[in-house]
Amino acid sequence: MYNNILNNLPGNIRNIVKKINFSLNSILEIRLRVNQPLQIIGYQNDFFISKKGAVTDNYNQAYKIKKSDLKEAMLILTENSKYALERQMREGFITIKGGHRVGFTGKIIYEKNRIKTIKHINSINYRITREVIGAAEKVIDKLYDIQRDIVYNTLIISPPLAGKTTLLRDIIRILSKGNHKIPGKKIGLVDERSELAGAYKGISQNDLGYRTDVLDNCNKNEGMMLLVRSMSPDVIAVDEIGKKSNIKAIEEVINSGVTLITTIHGNSLKSIKSKPGMKNIIKNQFFERYIILSKKKEIGEIKKVLNTDYKEVTSVGV
Amino acid sequence: MGFKIIGIILILSSGTLIGWYISLQYIKRIKQLNELQLAINFLDAEISFNQTLLKDALEKVATRINYPLSEIFNNSARELSLKKGISFNIIWDKEVNKNFEINSLREEDKQILLEWGHKLGTTGVEKQEKINKLISKKLELEQKNAREQADKRVKLSRYTGVLLSLLIIILFY
């Protein structure tokens, strides 16, 4: 898995990261900022890395990122084919093999009041994606109505880096495979950022079960409607809703009788209600389950699962 | 006498062959320029319709054209897939120069190829299409030149080969 990250780092940094003498398992992000120290973000804290791959707090000892490192990184990331990644260049991230997301910032170029592309990249962030098989085992029973044999419309609410994508991916895997209680469901996945499936050239690299159809690199709103029309899914899964433009598509999916499982950035149900459009969705009880994540104790910690009355679901099948 | 006849035959045949060889280069250039035109069109389609990654697109192009021109595309694709973070134009320059001798292209054709390589993959789809169109136009002009030159010089070099060898024979014997 880490080879995918290593292969996409520029040569100098790749050699340094290879020398790091602790497990790559504890790394969340690798950050390259021009003229700044090479920085690694772990679960608990962050630190600088010296030229020899040693952990240091000292700015002077740390390896300073050069402009040429960033240039090389972008060449590797875009595989010398910018035309194939126009949308990603506009949105500020590229998903590499393995589903890892690499974000970047630089000088924004506008065209017709819209971001056209990002030039002169000054900062790159390699976010390491982990497939945590079993992350959803604890909640899966609470999302399923045994009597009616349906999966509840579910919204996962989570701050960034708290594991919502990982949780959603595992929910998809379990539902798609089925378990001793839940028969396997047909899942349609709209993977706008290629993060959930980690698809490379359209083929899913992550385990998404036996019954999952993936629309890779597809706009959420169009993708959801396409799946409803063409793939007769039991469940549609999408990551990171919350824009006003998503609301209509969400309503249409739920009204068409397909279950929707999705995620949104936020800390609590209250904070979500303040987003335009979401207030109505919540008031109209489109979602039947809310999973609230927190990263206070550890990443992926499930704070609580709420039902339509915002009461905590404790027993299964209620 | 026997020696003389063998000598005459040798001089005449080698002169003729040299003439044929030179004329063949003109014909080969036209053929290779045609192939390059085909390669550009094919790559353009891969870029604008399929947004295929450059390394895959080059590999596909290489299967459509003949050796030795295909070498440039094949080797560049291979180098790119090593993911060393080398800019494509550096790889392309190296491959075009390395394979220049085994191809029948001329310096002006090479310059067009190099210009193309410096712009491939560096912009969005729209600009790539424009670049491909421009390069295609330039190649078209060279094709026209090449055909005109071939019309004039193919026969000329063949006759010159024969006539020069005859001149040598007359002078020596």
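The values are calculated or read from the model by the stated rules, or taken from the named source; none is laboratory data. As the structure is a prediction and not an experimental result, all values here were calculated from the model. FYI the Cβ positions are ideal-geometry reconstructions off the backbone, even for glycines, and counts take in every protein chain you see. We work out accessible area using only protein heavy atoms, side chains counted, and drop any ligands, DNA or RNA first. Shrake-Rupley method; radii C 1.70, N 1.55, O 1.52, S 1.80 Å.
Quick notes on this structure:
- In the range B:80-163, the GluC sites (Glu not before Pro) that fall in loop regions by DSSP, at most 10 other Cβ within 10 Å: B:101
- Mean per-residue shielding of peptide A:71-80 is 5, counting Cβ atoms of other chains within 10 Å of each Cβ.
- Residue B:64-residue B:101 FRET efficiency (beta carbon distance; Förster radius 30 Å; 0.05 resolution): 0.85
- Counting Cβ atoms of other protein chains within 10 Å of each Cβ in A:81-94 and taking the mean gives 5.
- Ranked order, A:120, A:100, B:118, A:180 - accessible area, probe 1.4 Å, largest first: A:180, A:120, B:118, A:100
- The range A:262-306: trypsin sites (Lys or Arg not before Pro) in DSSP coil with no more than 13 other Cβ atoms inside 10 Å: A:296, A:297
- Distance violations [Cα-Cα > 25 Å] among A:244/A:296; A:19/B:84; A:248/A:283; A:119/A:164; A:181/A:275; B:60/B:138: A:244/A:296; A:119/A:164; A:181/A:275
- Low-density loop cleavage sites - trypsin sites (Lys or Arg not before Pro) in the range A:95-157, where at most 10 other Cβ are within 10 Å (DSSP): A:112, A:148
- Each other residue within a Cβ distance under 12 Å of residue A:15 adds +1 if Lys or Arg and -1 if Asp or Glu, for a net charge of +4.
- Structure-based [θ]222 nm, chain A - -39500 (n - 2.57) summed over DSSP H runs of at least 4, per residue, nearest 500: -7500 deg cm²/dmol
- Estimated vicinal HN-Hα couplings, Hz - the range B:57-65 in sequence order (Karplus 6.51, -1.76, 1.60; Gly, Pro = x): 5, 5, 4, 5, 4, 4, 6, 8, 10
- Each Lys or Arg adds one and each Asp or Glu subtracts one; over the other residues with Cβ under 11 Å from the Cβ of residue A:225, this totals +1.
- Cα-derived Rg to Rh of the protein assembly as shown, Kirkwood definition: 1.16
- For residue A:236, distant residues with modelled amide H under 5 Å away: A:188, A:259, A:260, A:261
- Remark on residue A:150: its backbone amide H falls under 5 Å from those of A:145, a criterion applied only to residues 5 or more positions apart or on other chains, H modelled at 1.01 Å from N.
- Average Cα contact separation per residue, chain A, under 8 Å, 6 or more apart, as relative contact order %: 15 percent
- Net charge over other residues, Cβ less than 15 angstrom from the Cβ of residue B:166 (K, R count +1; D, E count -1): +2
- Interface size B-A, as summed buried accessible area [1.4 Å probe, Å², nearest 100]: 1500 Å²
- Highest average packing first - A:183-194, A:36-47, Cβ atoms within 10 Å: A:183-194, A:36-47
- Phi-derived couplings, Karplus 6.51 cos²θ - 1.76 cosθ + 1.60 at θ = phi - 60°, listed residue by residue for the range B:74-82: 4, 5, 5, 4, 5, 4, 5, 6, 6 Hz, with x used for Gly and Pro.
- Once the Cβ-Cβ distance of residue A:132 and residue B:126 is raised to the sixth power relative to R0 = 41 Å, the FRET efficiency obtained is 0.50.
- Average accessible surface area per residue within the protein assembly as shown, 1.4 Å rolling probe, Å²: 51 Å²
- CD proxy at 222 nm, helix term only [per DSSP H run n ≥ 4: -39500 (n - 2.57); per residue of chain B; nearest 500]: -28500 deg cm²/dmol
- Among the protein heavy atoms, those of residue A:308 account for about 40 Å² of accessible surface (1.4 Å probe, every chain in place).
- Long-range amide H partners of residue A:178 with built H, under 5 Å: A:185
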